[in-house]
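Okay, so here's the structure we're looking at.
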Amino acid sequence: MSRKTPPTLAAAIVLATALLTPPAAAKNAASWSPSASEQLIKLPGDYLKKAVDNDFSRSRLAAALIDLDQNISLKQRTLGDLQAAIERADGELRTELQHQFLEEKRNYIDMMKEHQDLRAKRARTKVRLYERLLSKLNRSQRAVTPQQAELLTKQNSARERFEASAAKIDTRLLSSSMTAESKYAREYAKNLTAIESLVSAVKSHPMNQAPEIAGVPVSRGEYLRQLVAENQAEVAVVDQERAILGYMAKLVSLDALALSEGIDASNETELAEAEDPQAGVTGAVEFFVSR
């Protein structure tokens, strides 16, 4: 004799699932409009990407994605509870739970569609931002005229000559001291050590590092193009997941048709622990393909 699921448990499951679907207005209110500022272009290395990610984390779009992630995780657990309840039920209660299971799978698909739309919105916004930054960077590099470049070269050469002559003067003064332990010698050595320490710190400071891709230093332009490509790839992944959702929706329709014809279309195998929704839509595939 199969164990029946108590009606109170079934009612609790139905009530809990009804509270998980976020309002449609949340999607429309989710927004993120980062600015391609000059300060952003000047940020070195990986700090540009970190600044963009930090700005996104404070946006309404990020808040909407976090809420949706949590709701999807709860929805997956609810699907697992319903599936287990169906296996223990029979008669009218089993049929009622099967109908509820189909409805919750439809809700899951709707939530994942919204999740994919928000992720695609985030990726496309980043693509536009990085492309604007790249365009500004290219304009600023072209803006340097040959005369300005020649002037910069002369200024650098003059500074190098000054530093070299200063070093020679210091050397002559040091060599003219009566003893190696003169006051000037001690101060010179102390200052030289301080300068070397500071120069080393400047060179190794994270804010002074060149951007890298896979550990290889690249130009700022190459780094921005890499960020554009990464987010274009994210859009492509979302498009793939939309195809998966399409097949899920088709299976739900077929299960609903089978149930309406009196055919038992319930899942017969126990589902493993649901994956984090961040892993993608594939974490719920077993709810749709198991029989």
Problem set entry | Residue list for the range 82-113, restricted to those being surrounded by fewer than 21 Cβ atoms within 10 Å (Cβ to Cβ) and among the charged types (D, E, K, R) | Glu87, Arg88, Asp90, Glu92, Arg94, Glu96, Glu103, Arg106, Asp110, Lys113
Problem set entry | So Ala85, is it small (Gly, Ala, Ser) and under 24 Å from Ser33 (Cα atoms) | no
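Being polar (S, T, N, Q) and farther than 25 Å from Val237 by Cβ narrows it down to one residue among Gln39, Gln70, Gln116, Gln76; which is it? Walk me through it before giving the result.
Values: Gln70 fails: farther than 25 Å from Val237 by Cβ; Gln116 fails: farther than 25 Å from Val237 by Cβ; Gln76 fails: farther than 25 Å from Val237 by Cβ.
Being polar (S, T, N, Q) and farther than 25 Å from Val237 by Cβ holds for just one of Gln39, Gln70, Gln116, Gln76, which is Gln39.
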For this session: Could you please let me know if Pro217 is touching an Asp or Glu at 6+ places or on another chain (Cβ under 8 Å) and either surrounded by 12 or more Cβ atoms within 10 Å (Cβ to Cβ) or modelled with pLDDT of 70 or more (or both)?
Result: no
Problem set entry | Odd one out for Leu15, checked against (1) in a helix (DSSP H, G or I); (2) at pLDDT 90 or above | (2)
Problem set entry | Residues located in the range 91-131, provided they are free of Cβ contacts under 8 Å to residues at least 12 places away in the same chain and within 18 Å of the chain's Cα centre (by Cα) | Arg128
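The values are calculated or read from the model by the stated rules, or taken from the named source; none is laboratory data. Because the structure is predicted, anything quoted here is derived from the model rather than measured. Please note: Cβ atoms are built from the backbone with ideal geometry, for glycine as well, and neighbour counts cover all protein chains shown.
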